[in-house]
1. Exactly one condition in (1) open to solvent by 10 Å² or more (accessible area, probe 1.4 Å); (2) at pLDDT 95 or above; (3) not basic (K, R) is not met by G51; state its number.
2. If only one of L128, L89 is open to solvent by less than 20 Å² (accessible area, probe 1.4 Å) and either out of contact with any strand residue (DSSP E or B) (no Cβ under 8 Å at 6 or more places or on another chain) or modelled with pLDDT of 90 or more (or both), which one is it?
3. For segment 27-47, give me each residue that is hydrophobic (A, V, I, L, M, F, W, C) and in a loop (DSSP other than H, G, I, E, B).
4. If you take the residues of segment 67-86 that are more than 13 Å from K133 (Cβ to Cβ) and at pLDDT below 95, which of them is surrounded by the most Cβ atoms within 10 Å (Cβ to Cβ)?
5. Filter segment 67-92 down to the residues that are within 23 Å of G51 (Cα to Cα) and not basic (K, R) and list them by number.
6. For segment 137-159, how many residues meet the condition of being touching a residue at least 60 places away in the same chain (Cβ under 8 Å), buried (at least 17 other Cβ atoms within 10 Å of the Cβ) and out of contact with any helix residue (DSSP H, G or I) (no Cβ under 8 Å at 6 or more places or on another chain)?
7. Among the residues of segment 17-44, count how many are modelled with pLDDT of 95 or more and surrounded by fewer than 14 Cβ atoms within 10 Å (Cβ to Cβ).
8. Which residue, of K122, K64, is open to solvent by 80 Å² or more (accessible area, probe 1.4 Å), more than 23 Å from G28 (Cβ to Cβ) and modelled with pLDDT of 95 or more?
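The values are calculated or read from the model by the stated rules, or taken from the named source; none is laboratory data. Because the structure is predicted, anything quoted here is derived from the model rather than measured. Cβ placement follows ideal geometry from the backbone for every residue including glycine, while neighbour counts extend to all protein chains displayed. Surface accessibility is based on the protein's heavy atoms, side chains included, excluding ligands, DNA and RNA. Shrake-Rupley method; radii C 1.70, N 1.55, O 1.52, S 1.80 Å.
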Amino acid sequence: MTTAALLHDRKDDWARLEAEMVRLYEAGFSLVPLGKGPQGKAPLVKFADRGRLPIELVLGEMKKVHSLTYGIRLPGLVVLDLDTDDDDLLILLTDRFGMPRVHVRTPRGHHLYFALDGVMPKLRVEGLRVDVKSGANAYVVGPGSIRPTGETYAYASNIALGEAELTVLAVSDLRRREDQGVRASIKSVCASP
């Protein structure tokens, strides 16, 4: 491929990415510019404990270093981050938490987006290879991003972020049902002669 063709492709990539970022910003999402580090996933600005960054700042910082990678901050959201392409694990998570309306394919696995209602699960403690990310100071690489290696983050669902309400990850309800089941089992054992 010629240099001119590569530059044209990069301009097309930037135009698509910028359009998606502006759409997400207008839908209320908080974005952070990424581009540091060998994988391009580290923030270009400090954002911890800061409010929503202006979209002009996010795009401007990315343009300065020719980055095609941005992050989505996660206040009120939870992302199950699977760094493996394991169908059995996906099935286990969707059986347990429901089918996420938004699912992003990552270079190594999946990002499953949920709205948070209650306490977050501790899946690593259970031995599952899943990072649970949530909160205003947490982020995941956003859909449409392209790492310096050329690896991409793309929607695997038919619904993009901001197009519909996210599935609620109702861990508190799950725990309540489990607790009720345990109490019912205990009562039946105690009631037995």
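1. Failing condition for G51: (2).
2. Exactly one residue qualifies, and that residue is L89.
3. Correct list: A27, F29, L44, V45, F47.
4. D86
5. Across segment 67-92, the qualifying residues are S67, L68, T69, Y70, G71, I72, L74, P75, G76, L77, V78, V79.
6. Residues flagged as touching a residue at least 60 places away in the same chain (Cβ under 8 Å), buried (at least 17 other Cβ atoms within 10 Å of the Cβ) and out of contact with any helix residue (DSSP H, G or I) (no Cβ under 8 Å at 6 or more places or on another chain) within segment 137-159 amount to 5.
7. Residues flagged as modelled with pLDDT of 95 or more and surrounded by fewer than 14 Cβ atoms within 10 Å (Cβ to Cβ) within segment 17-44 amount to 5.
8. One residue alone meets the criteria, K64.
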